[in-house]
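These notes concern the structure reproduced below.
The values are calculated or read from the model by the stated rules, or taken from the named source; none is laboratory data. None of the values given here were measured: they were computed from a predicted structure. Glycine also receives a Cβ, built like all others from the backbone with ideal geometry; neighbour counts cover every protein chain displayed. Note: accessible area is taken over every heavy atom of the protein model, side chains too, but ligands, DNA and RNA are not part of it. Shrake-Rupley method; radii C 1.70, N 1.55, O 1.52, S 1.80 Å.
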Amino acid sequence: MAEQLVVDRLTKTFGGIVALNGVELAFSAGELIGLIGPNGSGKTTLLNIVSGYYTADRGQITYENQPIAGTSPHKLARIGIGRSFQVTKVFRRLTVMENMLVSGLSDWSETRSQASERATAILEDLKLTRLRDERASNLSGGQLKLLEFARIMMLQPKLLLLDEPFGGVHPELKRFMYDCIRKWNAAGITIILISHDMGSIFELCRRVVTLSYGDIICDGTPEETRADKGVLEAYLGEHHASA
Ligand SMILES: Nc1ncnc2c1ncn2[C@@H]1O[C@H](COP(=O)(O)OP(=O)(O)OP(=O)(O)O)[C@@H](O)[C@H]1O
């Protein structure tokens with residue numbers, strides 16, 4: 001499989017804190033990867049750099065053979081890199097449908113009616129059709145999560161970065177989100193999933209990358225990750241003990 005995303009010796013510091021310490025990773029198109037690690041280990045920083053929200057101090061990022069370090073989030077979205085945030089970002093004063101059609105979300109070459117047709121299909125897929133004219137401010141936390149998913153799908157991403165999508169989500173909705181993630185991945189979208197919910201990670205991902213203090217301490221299957229002494233010491237042991 002061709003490498004879709006390559007992260008080469010990526011370093012990011014904040015003052016004296018080393019958030020990423022020369023991280024090297026390569027992801028193939030169509031992978032579904034879990035990114036785990038203790039609080040402050042660098043997971044969101046890595047996503048922020050890949051999606052253009054932060055600039056790395058050192059290192060390269062290559063997406064589909066093009067260097068992308070320093071490219072704006074907006075341009076990255078246009079070439080297929082979509083992301084969600086720990087705290088859902090939608091326009092609360094706009095309706096669900098307006099959120100979908102907000103300028104800059106859809107393809108330049110697309111007419112409003114084509115965009116609207118796509119939005120309708122995506123809302124249907126995410127069971128949001130009956131809420132299409134509802135203001136986002138009236139949606140529940142779970143519905144907002146789904147709207148964020150729906151808006152990301154408007155971008156037709158090829159690489160999807162999901163940061164803690166299951167936070168505060170009830171079990172039934174979580175199952176539905178799993179189904180969406182699996183379906184998108186089966187359709188060829190590469191997905192990098194950050195979650196502290198180990199059940200979700202081990203159920204969904206065939207590859208798990210573990211960060212600790214900005215270093216990759218394990219990159220393997222769920223079974224290898226669970227059995228890894230370093231991971232147990234840095235994260236899983238403590239995580240399970242406090243769970
Ligand atoms: N904008 C920022 N300014 C200052 N320090 C930051 C900033 N963003 C991240 N950091 C620091 O960088 C380190 C890595 O943070 P990061 O958010 O990437 O960790 P994380 O693994 O995503 O943590 P969590 O699981 O708690 O979300 C932490 O020490 C954090 O305090």
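Do we find that T71 is away from the ligand (no atom under 12 Å from the Cβ), open to solvent by 10 Å² or more (accessible area, probe 1.4 Å) and among the β-branched types (V, I, T) in this structure?
Working: away from the ligand (no atom under 12 Å from the Cβ): yes; open to solvent by 10 Å² or more (accessible area, probe 1.4 Å): yes; among the β-branched types (V, I, T): yes.
So T71 passes the test.
Show the residue pairs that are 6+ apart or on different chains and have beta-carbon atoms under 8 Å apart, the first residue being within the range 38-59 and assigned by TED's automatic domain parsing to the domain that holds I194, the second being among the acidic types (D, E) and at pLDDT 95 or above.
G59/D8
Show me the helices (runs of 4 or more DSSP H) entirely contained within the range 80-191 in which 3 or more residues are assigned by TED's automatic domain parsing to the domain that holds L47 and of a type in the set (A, V, I, L, M). Please lay out each step first, then the result.
Numbers: elements: 96-101, 112-125, 141-154, 171-186.
Passing ranges, in order: 171-186.
Any residue in the range 12-26 that is part of a strand (DSSP E or B) sitting within a Cβ distance under 7 Å of a residue that is open to solvent by 80 Å² or more (accessible area, probe 1.4 Å) and within 11 Å of the ligand (Cβ to nearest atom)? List the pairs, counting only those 6 or more apart or interchain.
K12/Y54
Could you look through the range 161-213, keep only residues that are free of Cβ contacts under 8 Å to residues at least 60 places away in the same chain and among the aromatic types (F, W, Y), and pick out the one that is nearest to the ligand (Cβ to nearest atom)?
F166
Please find, among L47, L76, the residue that is part of a helix (DSSP H, G or I), open to solvent by less than 20 Å² (accessible area, probe 1.4 Å) and in contact with an Asp or Glu (Cβ under 6 Å, 6 or more places away or on another chain). Talk me through it step by step, then tell me what you get.
On the way: L76 fails: in contact with an Asp or Glu (Cβ under 6 Å, 6 or more places away or on another chain).
Only one candidate passes the filter, namely L47.
Just to verify a result, which residue in the range 21-44, among those that are within 8 Å of the ligand (Cβ to nearest atom) and closer than 15 Å to L161 by Cβ, is surrounded by the most Cβ atoms within 10 Å (Cβ to Cβ)?
So in the range 21-44, the residues within 8 Å of the ligand (Cβ to nearest atom) come out as 37-44.
Adding the requirement that they be closer than 15 Å to L161 by Cβ leaves 42-44.
Working: G42: 26, K43: 24, T44: 19.
Looking at residues that are within 8 Å of the ligand (Cβ to nearest atom) and closer than 15 Å to L161 by Cβ, I get G42.
I194: within 25 Å of L25 (Cα to Cα) and surrounded by 20 or more Cβ atoms within 10 Å (Cβ to Cβ), yes or no? So that I can check it myself, show each step before the final result.
Numbers: within 25 Å of L25 (Cα to Cα): yes; surrounded by 20 or more Cβ atoms within 10 Å (Cβ to Cβ): yes.
Answer is yes for this residue.
Would you be able to tell me the number of residues in the range 50-67 that are part of a loop (DSSP other than H, G, I, E, B), open to solvent by less than 40 Å² (accessible area, probe 1.4 Å) and on the phi < 0 side of the Ramachandran plot? Before the answer, list the steps.
Residues of the range 50-67 part of a loop (DSSP other than H, G, I, E, B): 51-57, 64-65.
Applying the additional criterion that residues be open to solvent by less than 40 Å² (accessible area, probe 1.4 Å) yields 51-52, 56.
With on the phi < 0 side of the Ramachandran plot added as a condition, the list becomes 51, 56.
Final tally of qualifying residues: 2.
Please determine whether any residue of the range 128-151 is within 16 Å of the ligand (Cβ to nearest atom) and over 30 Å from S109 (Cβ atoms). It would help to see each step written out before you state the result.
Of the range 128-151, the ones within 16 Å of the ligand (Cβ to nearest atom) are none.
For the range 128-151, residues within 16 Å of the ligand (Cβ to nearest atom) and over 30 Å from S109 (Cβ atoms): absent.
Tell me which of these S51 doesn't satisfy, since it passes every other one: (1) within 16 Å of the ligand (Cβ to nearest atom); (2) over 30 Å from S109 (Cβ atoms).
Unmet condition: (2).
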